[in-house]
Amino acid sequence: MMQSLYTSSTGMLAMQSQIDTTANNIANVNTMGFKKSRAEFADLMYKVMTYAGTSTSDTTKSPTGIEVGLGVRPTAVNKIFSEGSLKQTDNSLDMAITGKGFFQLQLPNGTLAYTRNGSFKVDLNGSIVNSDGYMLIPQITIPPDATNISIGVDGIVSVTQPGQAQATQVGQISLTDFINPAGLHAMGDNLFVETDSSGQPVEGIAGENGLGTIRQGFVELSNVQLVVELTDLITGQRAYDANSKVITTSDEMLATVNGLKR
């Protein structure tokens with residue numbers, strides 16, 4: 001059986017992975033805080049027919065060998081944590097991070113999750129939560145009679161209440177970073193959780209120790225560039241088509257061989 005049949009099938013499977021990854025990026029082009037992914041590949045092992053350096057005579061050696069590749073395999077789907085564009089909303093609880101860092105949330109089971117989506121609300125207890133009701137950590141409670149909420153670039157949250165001339169500080173939002181953000185596990189809902197590859201979370205004050213700053217009244221949009229994704233989609237489709245043509249050609253060659261005895 002011709003090796004090209006199996007080799008091309010690995011190419012089709014690899015391009016399917018790229019197209020699936022690209023499709024997810026395009027689907028989330030308007031998802032706040034979404035980070036795009038990139039499929040990465042590596043060539044498979046080689047079938048060696050002749051090693052480089054094999055003697056061709058008593059005094060000469062072959063400068064190159066004969067090695068036939070056996071295809072390609074996906075090695076990773078890497079998250080790209082470049083910053084997305086900022087969109088002004090004028091909502092006092094919308095926040096965007098300019099620079100490195102994540103907001104820290106507490107899931108219902110007590111697990112900590114991390115997000116770049118800074119679209120927050122206030123629940124019935126006055127706590128700052130995300131759209132699913134997951135509490136922002138450290139917990140900050142907004143008084144029910146607050147007439148104005150101010151969030152500084154360093155995360156300090158202050159409120160103005162009736163009868164008070166000056167704002168009162170009610171807490172400070174901290175940011176968390178990882179030595180390898182690409183190693184975080186994406187669990188959906190714009191949330192990431194820690195893994196052994198991401199390293200331990202490092203919590204700190206916004207604007208210090210390499211962490212980004214917080215911009216109130218803005219949200220971070222997806223970092224997906226639609227033109228780039230459509231180009232990758234076309235490239236993946238063409239590569240998929242080319243691999244399928246190799247299978248068709250190999251099949252035709254086998255049919256020719258099978259017909260030699262007629």
Among (1) touching a strand residue (DSSP E or B) at 6+ places or on another chain (Cβ under 6 Å); (2) surrounded by 14 or more Cβ atoms within 10 Å (Cβ to Cβ) - the single one LYS61 does not satisfy: (2)
Any hit, region 210-223, residues being touching a residue at least 24 places away in the same chain (Cβ under 8 Å), assigned to a strand (DSSP E or B), more than 30 Å from THR147 (Cβ to Cβ) and polar (S, T, N, Q): no
ASN209 vs. criteria at pLDDT below 95 and within 30 Å of VAL72 (Cα to Cα): no
Residue check for SER82: at pLDDT below 95, surrounded by fewer than 14 Cβ atoms within 10 Å (Cβ to Cβ) and closer than 20 Å to GLY207 by Cβ: yes
Positions within region 187-201 being surrounded by 15 or more Cβ atoms within 10 Å (Cβ to Cβ) and more than 25 Å from ASN28 (Cα to Cα), in sequence order: GLY199, PRO201
Filtered residues of region 191-211 (kept if touching a Phe, Trp or Tyr at 6+ places or on another chain (Cβ under 8 Å) and β-branched (Val, Ile, Thr)): VAL193, VAL202
Residue match in region 194-203 (condition: in the same structural domain as GLY99 (by TED's automatic domain parsing), over 25 Å from ASP20 (Cβ atoms), of a type in the set (Gly, Ala, Ser) and without any contact (Cβ under 8 Å) to a residue 60 or more places away in the chain): yes
When residues of region 135-174 are limited to those that are in contact (Cβ under 8 Å) with a residue 40 or more places away in the chain and outside any strand (DSSP E or B), the one farthest from ILE214 (Cα to Cα): ILE173
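Can you go through GLY53, GLY33, GLY110, GLY84 and tell me which one is touching a strand residue (DSSP E or B) at 6+ places or on another chain (Cβ under 7 Å), without any contact (Cβ under 8 Å) to a residue 24 or more places away in the chain and part of a loop (DSSP other than H, G, I, E, B)?
GLY53
Would you mind stating whether SER250 is in a loop (DSSP other than H, G, I, E, B), surrounded by 16 or more Cβ atoms within 10 Å (Cβ to Cβ) and of a type outside the set (A, V, I, L, M, F, W, C)? Write out each step before concluding.
On the way: in a loop (DSSP other than H, G, I, E, B): no; surrounded by 16 or more Cβ atoms within 10 Å (Cβ to Cβ): yes; of a type outside the set (A, V, I, L, M, F, W, C): yes.
Answer is no for this residue.
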Of residues in region 90-105 being out of contact with any helix residue (DSSP H, G or I) (no Cβ under 9 Å at 6 or more places or on another chain), surrounded by fewer than 19 Cβ atoms within 10 Å (Cβ to Cβ) and of a type outside the set (S, T, N, Q), the one farthest from GLY155 (Cα to Cα): ASP90
Residue list for region 69-79, restricted to those being β-branched (Val, Ile, Thr) and either surrounded by fewer than 13 Cβ atoms within 10 Å (Cβ to Cβ) or in contact with a Gly (Cβ under 9 Å, 6 or more places away or on another chain) (or both): VAL72, THR75
Criterion violated by ILE179 - all others in (1) surrounded by fewer than 16 Cβ atoms within 10 Å (Cβ to Cβ); (2) in contact (Cβ under 8 Å) with a residue 24 or more places away in the chain; (3) not polar (S, T, N, Q) satisfied: (2)
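Anything in region 1-51 that is under 17 Å from LEU221 (Cα atoms) and either surrounded by 19 or more Cβ atoms within 10 Å (Cβ to Cβ) or among the acidic types (Asp, Glu) (or both)? List them, or say none.
Of everything in region 1-51, those that are under 17 Å from LEU221 (Cα atoms) and either surrounded by 19 or more Cβ atoms within 10 Å (Cβ to Cβ) or among the acidic types (Asp, Glu) (or both) turn out to be ASN25, MET32, GLY33, PHE34, LYS35, LYS36, SER37.
The values are calculated or read from the model by the stated rules, or taken from the named source; none is laboratory data. Note that the structure is predicted; figures quoted are calculated from it, not measured. FYI the Cβ positions are ideal-geometry reconstructions off the backbone, even for glycines, and counts take in every protein chain you see.
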